[in-house]
């Protein structure tokens, strides 16, 4: 597979120096992954729309906002106003179509995600309604976890369905992505690789992002 996109996850960046950290990897990033956690849907608590608004002032990169929250519908307007390009919501919350409708109205690209233990058939009915399907390859809530390889079987099956139906859906994968796992994810059919610790915790984050891309390609 060629043309894989790299999405550094700012969850692993230095929150006191986000602009500097983003500048370091901008040349190797296709988009920025923004993990939004509410301390309820997942145990951790991270950032909200005000931080996205600040990020928007410092980068032209696509801001890919993953809403790991119990009530994403309450936040969509704020994230759109802050400059988010796309938002991703969890299928585990129930029928996401009303959220899709609101995202379209706000000119946000639509993402849907599933946790590692969630069966693929839970998202299949919505594939024609979305732009991005995000597979969690770790349990959401914390960075630095080990890659759950079993998720790759679901990625491969989603790739077959999307290609068979000729759907304009990108497959994204998030969790434990590094030089070793990136080729496996790309081979299974992932288009977008989200990497946090492997990039921002490296001595040279830009070189780390480049190495992940080369490994995947």
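Read the figures in this text as sums done on the coordinates, not as results from a lab. Quick caveat, the model's predicted, so the values are computed rather than measured. Glycine also receives a Cβ, built like all others from the backbone with ideal geometry; neighbour counts cover every protein chain displayed.
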*In the stretch 125-141, how many are under 23 Å from residue 9 (Cβ atoms) and touching a strand residue (DSSP E or B) at 6+ places or on another chain (Cβ under 9 Å)?*
11
*Would you tally the residues in the stretch 145-187 being surrounded by 20 or more Cβ atoms within 10 Å (Cβ to Cβ) and under 11 Å from residue 216 (Cβ atoms)?*
6
*Name the one entry in 177, 173, 148 that is without any contact (Cβ under 8 Å) to a residue 40 or more places away in the chain, within 19 Å of residue 32 (Cβ to Cβ) and not in a helix (DSSP H, G or I).*
173
*Just need a number here: residues in the stretch 16-41 that are touching a strand residue (DSSP E or B) at 6+ places or on another chain (Cβ under 9 Å) and more than 18 Å from residue 196 (Cα to Cα).*
3
*For residues in the stretch 188-212 being free of Cβ contacts under 8 Å to residues at least 60 places away in the same chain and in a loop (DSSP other than H, G, I, E, B), which is surrounded by the fewest Cβ atoms within 10 Å (Cβ to Cβ)?*
203
*Taking the stretch 28-41 on its own, how many of its residues are surrounded by fewer than 18 Cβ atoms within 10 Å (Cβ to Cβ) and either in contact with a helix residue (DSSP H, G or I) (Cβ under 6 Å, 6 or more places away or on another chain) or free of Cβ contacts under 8 Å to residues at least 24 places away in the same chain (or both)?*
1
